[in-house]
Every structure is written in structure tokens, then in C-alpha cells.
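The values are calculated or read from the model by the stated rules, or taken from the named source; none is laboratory data. As the structure is a prediction and not an experimental result, all values here were calculated from the model. Note that we place each Cβ from the backbone using ideal geometry, even for glycine, and neighbour counts take in every protein chain shown. Just so you know, the surface numbers come from the protein's heavy atoms only, side chains and all, with ligands and any DNA or RNA stripped out. Shrake-Rupley method; radii C 1.70, N 1.55, O 1.52, S 1.80 Å.
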Amino acid sequence: MGVSLKDVAQRAGVSIKTVSNVVNNYQHVTPKMRAKVQQAIDELGYRPNLTARHLRKGRTGIIALAVPEFGNPYFAELAGEVVDAAARHDYTVLVDHTAGQREKELLVCQGFRSHVIDGLILSPIHLETEDLMARTETAPLVLLGEREYEAPYDHIAIDNVAAAREAVAHLIALGHRRIAFLGSRTGRERQPAHLRLRGWREELTASGIEPDESLVVVTDGYGREDGAAAMASLLDRGERPDAVFAYNDMIATGAMRTITERGLTIPDDIAVVGFDDIEESRYGATTLTTIAPDKAAIARLAVDSLVERLAGTPVAEPRRPRPGYRLVVRESTTPREAPGPPR
């Protein structure tokens with residue numbers, strides 16, 4: 001039989017209400033009393049019944065995270081950060097997969113799991129502002145990703161344009177001028193690919209380099225095979241760049257494979273920069289220079305925002321925090337040092 005609040009109260013010589021106040025971290029408990037109760041908790045190994053606690057508040061204790069691709073390491077890594085952030089608030093995370101399909105995004109947005117979750121963190125691909133405005137589900141919603149929406153929901157996203165400009169500026173500083181962009185999409189001007197493409201154009205223009213639209217390659221998806229095909233398309237057309245800025249690390253990885261298969265070297269013949277800083281980028285035969293979004297901050301801000309709204313905390317409507325990012329320079333833009341002479 002588990003240890004109860006009553007057991008802890010008896011061990012500490014205090015009331016059950018005092019133990020409850022300590023367990024729920026109420027501020028009016030004196031430090032001396034808190035330490036006394038905590039000692040009893042530690043000695044007995046008491047663990048709060050989180051399910052009962054949430055039920056008393058009319059909650060399930062579960063929040064959902066809906067992402068477009070399980071096969072994309074970025075989302076897998078982000079999901080891990082969300083799980084960790086939610087655990088700090090005693091919440092469990094239900095991870096859902098939309099496959100980037102509009103129908104599934106609409107389903108999760110409109111609350112088809114509302115009977116089991118308290119709130120939703122959603123990274124949409126195809127939803128439009130009007131879809132969000134038509135939402136009737138009352139559970140709190142926090143948006144992730146770089147699509148721009150004019151809807152009354154908190155939205156957590158790094159500044160994609162600024163991050164892309166920093167990546168391109170790095171290549172320009174190394175002397176590159178024919179910089180390709182791999183991973184453009186057609187017809188969706190507010191998708192992240194277009195924000196990063198905008199950054200590519202802006203930085204080239206600001207540096208006095210006319211953006212060469214023949215070096216922009218549209219891809220069907222965002223995977224390694226798409227990057228490999230995009231790079232092959234450029235080379236087959238005779239449009240060989242001296243550097244590549246890829247929409248994400250998977251496209252960059254595919255492009256690097258094609259570059260080496262064609263007998264070219266990285267970075268001497270073609271330098272490559274990716275986006276996302278997935279684990280794979282750190283362990284390839286040639287490590288990848290990339291933009292590293294602060295995934296822990298993205299997760300923390302999303303979960304904190306959701307929990308605040310669940311608690312009814314008065315907050316501004318809506319919030320648009322900008323988590324940080326950094327450029328991580330690796331071998332794909334900076335050649336590794338040649339080994340010294342044997343000793």
C-alpha cells in the first residue's frame with residue numbers, strides 16, 4: 001500500500017493540510033515547516049497521486065503534441081524536449097502524428113481528442129488562419145513552427161528570416177557568391193521554406209550580390225532524397241554553385257551525398273549549410289554547419305504558455321515569443337585541419 005498524506009503528516013507531526021500545502025508548493029508555508037515536511041516525504045518515499053490531483057482540478061493531466069513528421073529527427077528531438085518540459089509541471093504528453101496532412105491537422109485542431117487532453121501544442125503545415133479562426137474547441141492551443149498566422153493563439157517560433165541571413169552571411173564571408181537554396185516550395189508564401197528563402201534573398205542583396213533564381217530548387221518534400229535530387233538537378237543543368245544553403249539538415253545531408261558521388265569535395269568545391277542541428281549533422285563523415293534553434297527553449301515556452309492558460313493566469317493575447325538560435329560552424333564550410341607529421 002502506498003504512502004499517504006496522512007502518513008507524512010504523522011511522521012512530520014503536522015496537519016494533512018500543511019503537507020498538502022507543501023506538496024502543492026503553496027507560498028505561505030514557512031521555510032522551517034517546509035523543510036520539516038520535506039524531510040518526512042523523503043524518509044517515507046511519498047509520491048503525489050498526480051492523477052487525483054489533476055482530476056480534482058477537472059483536468060486529465062495530459063497535453064498533446066501534434067507534429068507533421070515522426071521520421072524527421074528535428075521533431076523527434078523537439079518532442080523529447082516537450083516531454084521533459086511538461087514533466088516539470090506534472091503533465092504527461094500524448095504525441096500525435098499529422099503526416100503534414102490538412103485533414104489530420106484540422107482534426108487535432110478541432111479537438112477530436114478533447115476528452116483525454118487538457119491542451120494542445122500543434123506544429124501545422126497546411127492550416128490557414130481561417131481554419132484557426134473557425135476553431136470552436138475550448139482547450140488551450142499553442143502553435144509551433146514558422147508559418148505566420150493572424151490568429152488569437154500563442155505562437156512559438158524562431159526568427160527564420162534572421163537565421164537564414166546569418167547562414168548566408170557566413171557563406172559570403174568565406175568568399176562564396178554562387179549560393180544555391182535547396183528546399184523551396186510552391187504556392188505557400190508563408191511556409192517556413194519561403195521565410196528562409198526570403199532570408200537568402202535579403203542577405204545576398206544586402207551584400208551586393210544579385211540573387212540568382214536559377215539556383216533556387218523546389219523540392220517535393222523535406223527529406224534526404226529530396227536534397228539529393230535537388231542537388232543532382234542543379235549539377236545536371238550545369239548550374240554548379242560554390243555553396244548551398246538547405247532548408248533543413250536532411251536536405252543538406254542528401255545534397256552532400258550527391259556532391260561526393262559526383263566526385264566533388266565539401267567544402268572545397270561546394271560548401272553546405274543546413275538548418276535544425278539534428279544529431280545526424282554532428283556525426284556524418286563530414287560534419288554539417290547548421291542553424292541550431294534552441295529546442296529546449298521552444299519546448300519550455302510552449303509548455304509554460306499552455307500551463308499558464310490552463311491555470312487561468314491573466315496573460316496578453318496572443319504572445320509571439322522568439323526563442324534563440326545560433327550558427328554552429330562545422331566541416332561542411334570549414335575544412336578540417338590536415339594531420340601534422342608523424343612524431
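Charge dipole (Cα centre; +1 on Lys/Arg Cβ, -1 on Asp/Glu Cβ; no other charges) of the chain amounts to roughly 1680 debye. Starting from one equal scatterer on each C-alpha and no solvent at all, send me the Debye-based log10 I(q)/I(0) for region 158-292 at q = 0.09, 0.14, 0.15 Å⁻¹, two decimals. Calculated log10 I(q)/I(0) at the listed q: -0.21, -0.52, -0.61. Heavy-atom accessible area, probed at 1.4 angstrom with all protein chains present, ranks Tyr153, Tyr325 as Tyr325, Tyr153, highest first. Counting heavy atoms of the protein chains alone, Lys36 has an accessible area of about 100 Å² for a 1.4 Å probe. Positive end of the dipole of the chain (Cβ unit charges, origin at the Cα centre): among Gly13, Gly183, Leu127, the Cα lying farthest that way belongs to Gly13. Springs join every pair of Cα atoms under 10 Å in this Gaussian network model of the chain, and among Arg47, Arg177, Arg320 the largest mean-square fluctuation is at Arg47. Across region 138-178, counting alpha-carbon atoms alone, Rg and Dmax equal 16.0, 53 Å. A helix-only calculation puts the chain at -12000 deg cm²/dmol for mean residue ellipticity at 222 nm, using -39500 (n - 2.57) for each DSSP H run of at least four residues, averaged over all residues. Listed by chain and number, the lysines whose C-alpha is less than 25 Å from the C-alpha of Lys104, apart from same-chain residues fewer than 8 away, are Lys295. Think of each Lys and Arg Cβ as +1 and each Asp and Glu Cβ as -1; about the Cα centre, that makes the dipole of region 3-47 roughly 120 debye. Hey, how much of the P(r) for the chain falls beyond 31 Å, as a percent of Cα pairs? For the chain, the fraction of Cα-Cα distances above 31 Å is 45 percent. Normalising the Debye intensity of region 3-47 to I(0), with uniform scatterers on Cα atoms only, and taking log10 at q = 0.13, 0.16, 0.26, 0.27 Å⁻¹ returns -0.20, -0.31, -0.85, -0.91. Principal-axis analysis of the Cα atoms of the chain puts helix 73-87 at an angle of about 20° to the longest axis. Taking Lys and Arg as +1 and Asp and Glu as -1, the other residues whose beta-carbon sits under 9 Å from that of Ala40 total -1. For region 158-292, the dipole from Cβ point charges (+1 on Lys and Arg, -1 on Asp and Glu) about the Cα centre works out to 180 debye, to the nearest 20. Considering only Gln38, Gln101, Gln110, the mean-square fluctuation computed in a Gaussian network model of the chain, springs between alpha carbons under 10 angstrom, is largest for Gln38.
Here the Gaussian network model covers the chain, with springs between Cα atoms less than 10 Å apart; of Tyr149, Tyr91, Tyr26, Tyr26 fluctuates the most.
Of Ala316, Ala232, Gly2, which is farthest along the charge dipole of the chain in the positive direction, counting Lys and Arg as +1 and Asp and Glu as -1 at C-beta? Result: Gly2.
Positive end of the dipole of region 158-292 (Cβ unit charges, origin at the Cα centre): among Ser207, Gly284, Val168, the Cα lying farthest that way belongs to Ser207.
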